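For reference, the structure discussed in these notes is given below.
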Amino acid sequence: MKEHDRFRFKWWALLGVSFLSFTAFLDVTIVNTALPFIQTALNATILQLQWVANIFTIILSMTLIAVGKVADLWGRKKVFYCGVVIFGLAALGAGFSRTVEMLVLFRGLQALGASTVWISSAALLSDVFPEKERVRAISIYSAVTGFGLMVGPFFGGVLISLLDWRWVFWVNFPVIAIGLAICSFALKGVAHDKHAVKIDGKGLILLILGLGALMYGIMAGAEHNWDSVLDWIFIAAGVICLLLLIILDKMGKNPLLDLDIFKENLIVLSALSCSLAGVISTVFMFFDPLYLRIIRDLSPFFIGLLIAVIPAAQVLISSCLNKAVKWLGTANLLFISVVAAFLSVVLHRLIDLHTSLFFLVVPFFLLGINWGLSNAAMITAVNQVITPRKIGAAIGTIATVWNVVGSILLATSTAIFHSAEIRSSFLPAFHNAINFNIAFVAVMLAAAVWVRIKLKTRRLD
């Protein structure tokens, strides 16, 4: 394909890809707003409700690396379209769910579609744009997808108030139709060196089984107060599968886990930032709407309005990314992201029964800064230091870190919350869960300081 033809409809392609990715990001936050009302409609407990939220991250964790590899091998455009179809059909089924179990099933399928859309769309940006325009394209892409996160809570509140919680799933279809129409003429696939990208079948099976068993064991263990032997068997099986995968990768010629990317300190800093984004996008997006509904008794509209502050900050950050990278550099932006997450989690500890709603805006906004920088600066970092043929797999690996950490922290936090709530009430249990997250985020901040110093030292050398 000639260079001119390849980039001819690049801005239209960006719009179409961003629209379709928008739906997957929209579903992350719009569903969180609906959780209290899903709980009432389907007679679900808090622990059952956790499965609605966490099945999404479990499936993401199991599939992101594999999807990145498949996209690099079979074609990012084909894999992207497959993801859109899976996501759309699953959204339809989720809206018709009559039981918690049925909803969890379709949320899992949605996650499979979302992981395919997220990884292949981010990787497609390197195909659609020349290198000198990629940061600008990433900035626009992150702003549009961040807008999906932003309007999700507010739009979800409006839909629930006017219609029903099921419409938080069905609202995706008009956007999907518009995105597909644009991509049909604008999105051009690019052939990469397929001989340079190979998939280890045994490694892929070990990865899916390992992450799936580990995540399930942790979540089920939290639900059963760690008393079930079966849950510990799942955890052990998951750890064994992942250890075997690492050993086989060391011995094989085509490792599934390309851990060499972590030799780059910029990628390590990206992973640390994304770890904290995983905490924010799971733990706090789970507990904050419940606090606003159960403790503050706010309406769906006001819950959505307040939670929308988090993704609104992401949109603001994403829209300024191009200039921010030039002024501060990618490494500094990722470090700022980690600091913002730490400050936000600490401020969450001060939230109580009478906390001003205006005060809540501050920790929510800081969460959004971390989320926005983790997403946009991570993609920028990967494009800066990773070879083009490995971009999809690298983004998938870091995104897996995001979701695995988020899943583990949510499972552990809900276990701590549930244990404390039995003895007291919602607010003390909420604070106990926050205390645990403060300790984790503090460790990540210390690690980020160390990596940032290493990056600065290397530059001086």
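Things worth noting here:
- Take 339-345, 231-237 and order them by the average number of nearby Cβ atoms within 10 Å per residue, most first; the result is 339-345, 231-237.
- In this structure HIS431 has an accessible area near 30 Å², from a 1.4 Å probe over the protein heavy atoms.
- For segment 240-322, the gyration tensor built on C-alpha atoms gives an oblate shape. Its axis ratio a/c (a ≥ b ≥ c) is at least 1.5, and a/b is not larger than b/c.
- Three-way shape call for segment 13-59 based on the alpha-carbon gyration tensor, with the a/c threshold at 1.5: prolate
- What a 1.4 Å probe finds exposed on the chain is 69% carbon and sulfur by accessible area, rounded to a whole percent.
- Dividing the summed -39500 (n - 2.57) terms of all DSSP H runs of n ≥ 4 by the residue count of the chain sets its mean residue ellipticity at 222 nm at -27500 deg cm²/dmol.
- Each peptide in 296-302, 205-211 receives the mean, over its residues, of other Cβ atoms within 10 Å, and ordering these scores from highest gives 205-211, 296-302.
- Solvent-accessible heavy-atom area per residue, rounded to whole Å², over the chain at 1.4 Å: 40 Å²
- Residues ILE453 and ARG349, FRET efficiency given R0 of 35 Å [Cβ-Cβ distance, rounded to 0.05]: 0.80
- Relative contact order computed over the chain (Cα-Cα under 8 Å; 6+ residues apart), in percent: 24 percent
- Protection proxy ranking of 24-32, 36-44, by the mean of other Cβ atoms within 10 Å over each peptide's residues and highest first, is 24-32, 36-44.
- The length gained on full extension between ALA177 and THR99, counted as 0.36 nm times the residue separation minus their Cα-Cα distance, comes to 25.2 nm.
- D_trans [Stokes-Einstein, Kirkwood Rh over alpha-carbon pairs] for the chain, 4 °C, 1.567 mPa s, µm² s⁻¹: 59 µm²/s
- Extended-chain gain in nm, criterion 0.36 nm per residue less alpha-carbon gap, LEU328 and ALA442: 38.7 nm
The values are calculated or read from the model by the stated rules, or taken from the named source; none is laboratory data. Keep in mind that this is a model prediction, so the values were computed, not measured. Cβ atoms come from the backbone with ideal geometry, glycine included; neighbour counts cover every protein chain shown. Ligands, DNA and RNA are excluded from the accessible area calculation, which covers all protein heavy atoms including side chains. Shrake-Rupley method; radii C 1.70, N 1.55, O 1.52, S 1.80 Å.
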